Amino acid sequence: MADTTAPSTTAPTSTTAPGRRKAVSLTRTPTWAWALPPVLVLALGFLYPLALVVRQSFTPESLEDGGASLTPYTEVFASTVFREALTTTVWLAVGATVGCLVLGFVLALVIAFVPFPGGKAVARFIDVFLSFPSFLITLALLFIYGSVGMANGAWTGVTGAAEGPFHFLTTPWGVLLAEITYFTPFVMRPLLAAFSQLDTAQLEVASSLGASPVRIVRQVILPEALPALAAGGSLVLVLCLNEFGIVLFTGAKGVTTLPMLVYSKAILESDYPAACVVAVVNIVLSVGLYSLYRVVSRRAGA
């Protein structure tokens, strides 16, 4: 009896113990092993190309051995084209951001607090509008205000003139109008979300105490909307600094921004070191503005 029971008592321990040790080993997988795949994808898909751009910006074409030099930076910074492109990029981005903040705040106020038929449908359309490509809005403006657009066609049809008076789309003001038209919903979306959480009792109390609508907006609504305005405005500013499609599709030949200068240097002139220098400057501006926004929003508690 002792011989027959001994195998039955020792067999289960020999078969289950390895299985238990295997399960324990799976649960003790190092944390870095799980983080390694996304880090590799990020490094190969973003960091490595960015490093190549930075490296190329320090490699002038005159150095055949591929040595590093600050010559591309000195040449680009000394050029009038770069300074004009930098100035144009900054003032277009700032002007479009201010226009989007003002227009987006007014439109969001109307949609959120002024009841009208179709208000909910308009609010939903804002979400759909965010998915539109920028060149589509520019193309629509060309159909309306272009040289052969509807506005000029109506003018020539009524007056008999050879051409219409609307030619601003090929100027910086046309680019500014297109950017404000396209990026305003990026400000409206966070504003509408903030207005939906606003306690309407505060508005009713202020109105019952005799406060005018302008005073209610200034003292009640605007303070609650400041974090949303900061978030939407910073996003629009960064996007406008890097906008390429709107400037290209308006056909504004006299408007050269930093992204357009990158395209011109790389594709049209095959000056890759200069194109990389401009690209690095554009990246530094974008990252610097985003970092500044994070610091300010953190201190403001947004």
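The values are calculated or read from the model by the stated rules, or taken from the named source; none is laboratory data. Note that the structure is predicted; figures quoted are calculated from it, not measured. Neighbour counts run over all protein chains shown; Cβ positions are idealised from the backbone, glycine included. Calculation scope for accessible area: heavy atoms of the full protein, side chains included, ligands and nucleic acids excluded. Shrake-Rupley method; radii C 1.70, N 1.55, O 1.52, S 1.80 Å.
Points worth noting:
- Residue match in segment 246-262 (condition: under 17 Å from Phe183 (Cβ atoms) and open to solvent by 40 Å² or more (accessible area, probe 1.4 Å)): yes
- For Ala121, the test of being at pLDDT below 90, of a type in the set (Gly, Ala, Ser) and assigned to a helix (DSSP H, G or I) is passed.
- Members of segment 229-282 found to be within 30 Å of Leu109 (Cα to Cα), out of contact with any Phe, Trp or Tyr (no Cβ under 9 Å at 6 or more places or on another chain) and part of a loop (DSSP other than H, G, I, E, B), listed by number: Asn242
- Annotation note: Cβ proximity below 9 Å between a residue of segment 222-244 that is under 14 Å from Leu191 (Cβ atoms) and touching a residue at least 40 places away in the same chain (Cβ under 8 Å) and a residue that is surrounded by fewer than 20 Cβ atoms within 10 Å (Cβ to Cβ) and of a type in the set (Val, Ile, Thr) (sequence gap 6+ or interchain) occurs for Ala230/Val296; Gly233/Val98; Ser234/Val296.
- Any pair with Cβ under 6 angstrom, 6 or more apart, that starts in segment 164-176 at a residue that is touching a residue at least 24 places away in the same chain (Cβ under 8 Å) and ends at one that is open to solvent by less than 60 Å² (accessible area, probe 1.4 Å) and assigned to a loop (DSSP other than H, G, I, E, B): Thr170/Gly251; Thr170/Ala252; Pro172/Val255; Val175/Ala252; Val175/Val255
- Out of Ala201, Ala206, sole residue that is of a type in the set (Gly, Ala, Ser) and surrounded by 12 or more Cβ atoms within 10 Å (Cβ to Cβ): Ala206
- Failed criterion for Asn242 (all others in (1) farther than 20 Å from Thr89 by Cα; (2) of a type outside the set (Ser, Thr, Tyr); (3) open to solvent by 60 Å² or more (accessible area, probe 1.4 Å); (4) in contact with a Ser or Thr (Cβ under 7 Å, 6 or more places away or on another chain) hold): (1)
- Selected residue (criterion: nearest to the chain's Cα centre (by Cα)) from residues of segment 139-169 that are part of a loop (DSSP other than H, G, I, E, B) and of a type in the set (A, V, I, L, M, F, W, C): Phe166
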